[in-house]
Each structure stands twice: as C-alpha cells, then as structure tokens.
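The structure appears below as structure tokens.
The values are calculated or read from the model by the stated rules, or taken from the named source; none is laboratory data. Note that this is a predicted model, so its numbers are computed, not measured. Don't worry about glycine lacking a Cβ; one is built from the backbone with ideal geometry, like all the others, and counts go over all protein chains shown.
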There are 2 protein chains.
Amino acid sequence: MDLRDELRVDERLARRGFRFTPQRQQVYAVLLQQRDHPTAERVFIRAKRKMPEISMATVYNCLDALVKCEVARLVALERGAARFCPNMRPHGHFYCTVCERVFDVDLPAAPGIALPPGCRVERYELAIHGRCAACAPARPGRRGKRRSG
Amino acid sequence: MDLRDELRVDERLARRGFRFTPQRQQVYAVLLQQRDHPTAERVFIRAKRKMPEISMATVYNCLDALVKCEVARLVALERGAARFCPNMRPHGHFYCTVCERVFDVDLPAAPGIALPPGCRVERYELAIHGRCAACAPARPGRRGKRRSG
DNA sequence: TGTCTGGGTTAGAATTGTTCCAAGTATTGA
DNA sequence: TCAATACTTGGAACAATTCTAACCCAGACA
C-alpha cells in the first residue's frame, strides 16, 4: 500500500472522528490489494487470512467507515451483495452477466444529460451490463466473431 | 391504460408462455397508474386495493414475468428494495437522496464510453444521485417528504 | 497510577427483501 | 371429461445487512 495513501486515509477517518484501527487498515489493504470489486463476504474471507479473529460485523463496520470517509465506494450493480471499490476517481462499471466480474470504465467528460430543473447532482453511477471479452464468444447470440482458444 | 399497450403486453407474455392473468393485469396497471418507481411492497399495497386477496409472492411472480417479457424494468438504485418502472424506452434515473423519489431522465444520444476491448454491451444503467428541486435548497439534514400511497 | 469516557470489536440475534415450496386452483388441449 | 400445465397462495427458508449487548482498549484526566 502506498504510504501517502495510508496517511491520507488515516487523516480522512480522523477528520470524521473515526480511528484507523488495525481492522480498518486490514480491510482497506484487502480492497487495495485485489481490485476486483469484492463483496463484503469476500473482503471478510480475505481479511481473515491475516487477521483470523475479525468478524463479519467488523468488516461491515470498516467498509461503512471507509465509504463514509470517501476512501472507498459502494457499488450496487445487481440485486444481492454490494461490492466495494477503492478507486475514488469518477468512473463507471462494466458488469459481465456471465462471469460476474466487474471492470472500471472511464466516464465521458461531459455527460450532457437533461435533468429535471433545480436538481443538484451529488454523483453519477454508470453501470454497463454485458459480456466481457472472455465471455462474449461463449454463448452464440447474434453474429459475433468466433475466436479460437 | 392504453388498449394497444395491453394487447401488446398480452402478446409479449404469450410469446414466452406466460398468461396475462388478472393478477398480472392488476400489477401492470399499478405500474402504469402511478409512475413513481414503486418497490414490490408498494406495488403489493396498491394492487391490494382492487384485489385484496393478492399475495406478495404473486406480486413478485408478476413483476418477474413483466420484467422477463420486457414490459417493465427492475431498477436497483440503492441497497434495499428494488424498484419497478414500466417505461421501456432507454432512460436513466435521478434518485433524490433526501426524499427518495425517482425521476426518469433522458440519456445522451452517444454515451462515448471507452469499454475494455471485446466487450459486448447488453444495457446501460445510469443512476444520478442528488437532490431534487424540492429538496435541493435544504441544508444537509432531513427535509422533503415522502408521499404515502 | 486508577478510572472515566467513548469509540471499536465481537458473536449472535433481528430485520429486510426476496425466493422457494407444497397445496390447491384455473386454464388449455385432447 | 380428464390430464397437463401454469398460476396463486401463505408460509417457510434464505441471503445480505443491521442491531444489540458485552466486553476491550486508547486517551484524558484526577
């Protein structure tokens, strides 16, 4: 983990009256280590490897603190478990409906959406559902190029 | 409800081996009647007014059938209950974080998003979180009222 | 040093939203 | 008419999340 990031996280938590406890450090490290948008349960499993005593309730608590301090994002792509993502730059998500993997995608500079008048935007969430490169050829739908391998 | 719409829904269901039962008609009518993106529970409450015997399981069944036949959309804007929407034209959603109301918004013609190569898009979901006109002037705190019904 | 205060952690209970199930009902086709 | 099949129902089961009560620990202060 980048030390400057850790310092910034520490500060960000402190500013809101949260402590950067060993559990929160571990949960944040898990998010940074493998950026595959894990669910809370998956974070729990990974965090347990180095911290076997950690509980699910604590993982939820830590994720909640990280999200509140804008150090991680909660991503709700489908029904079922929420996913978490330490990438705080504006971005959208590509969700593969076959393998359920999630990829970050850049957002266009100017979305140019006509909002109801008077609205104040806090954030955008763009989710794109489809098939990733690995899964696209799998089930032949319309015409697609066939790849060997 | 527009008769042509109803006929089309009937057909669409039939094409997939579903029947347009009185319960499904009622659930669909509820969606058309008040386009405020109700949750399944809210649909249940509204459907009961004209059909007191209807059960929650049936409401879920009906909503599921309508979504499968592409007559309604399931909208997952936040954690918690899914919402339903009979507007099948491409559009996004503005979600007011204060009053929790949802508004349809038009999408820009060309989204222009750089996807990972080889991806095949099935659908976009754009969610914009913020404050609606009624809630925007409020200071961070609770204002705005949720409508009952 | 002891103790007070307040956030943090834990296991497990509770809650919420959804799906599953078994039994009975309605509709369709032979 | 009978059989096959889809549908509805209430309630059980389930998954994800939140809540609760007990205990823990760091820092402030006497």
> Do you know which residues across the stretch B:13-32 are surrounded by fewer than 20 Cβ atoms within 10 Å (Cβ to Cβ), without any contact (Cβ under 8 Å) to a residue 24 or more places away in the chain and away from DNA strand D (no atom under 12 Å from the Cβ)?
Replying inline: none
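Per-residue answers, yes or no, for (1) modelled with pLDDT of 90 or more; (2) at the interface with another protein chain (Cβ under 7 Å from one of its Cβ atoms):
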position	(1), (2)
A:Ile113	no, yes
A:Glu125	yes, yes
A:Ala133	yes, yes
A:Ala138	no, no
A:Arg142	no, no
A:Arg146	no, no
A:Gly149	no, no
>> Out of A:Glu78, A:Glu70, I need the residue that is modelled with pLDDT under 90, within 23 Å of A:Tyr60 (Cα to Cα) and in the same structural domain as A:Ala14 (by TED's automatic domain parsing). Which one?
In response: A:Glu78
> Quick one: is B:Val75 in contact with a Cys (Cβ under 9 Å, 6 or more places away or on another chain) and under 30 Å from A:Ala134 (Cβ atoms)?
Replying inline: yes
> Consider B:Ile54 against the criteria (1) aliphatic (A, V, I, L, M); (2) modelled with pLDDT of 95 or more; (3) under 15 Å from the mean Cα position of the chain (by Cα); (4) buried (at least 17 other Cβ atoms within 10 Å of the Cβ): it satisfies all of them except one. Which criterion is unmet?
Replying inline: (3)
>> Just to check your reading of the model, which residue among A:Arg123, A:Arg42, A:Arg46 is closer than 22 Å to B:Arg123 by Cβ, outside any loop (DSSP other than H, G, I, E, B) and charged (D, E, K, R)?
In response: A:Arg123
> Within the stretch B:37-66, which residues are more than 10 Å from DNA strand C (Cβ to nearest atom) and within 19 Å of B:Arg12 (Cα to Cα)?
Replying inline: B:Cys62, B:Ala65, B:Leu66
>> Can you pull out every residue in the stretch B:63-79 that is within 11 Å of chain A (Cβ to nearest Cβ), more than 12 Å from the chain's Cα centre (by Cα) and buried (at least 19 other Cβ atoms within 10 Å of the Cβ)?
In response: none
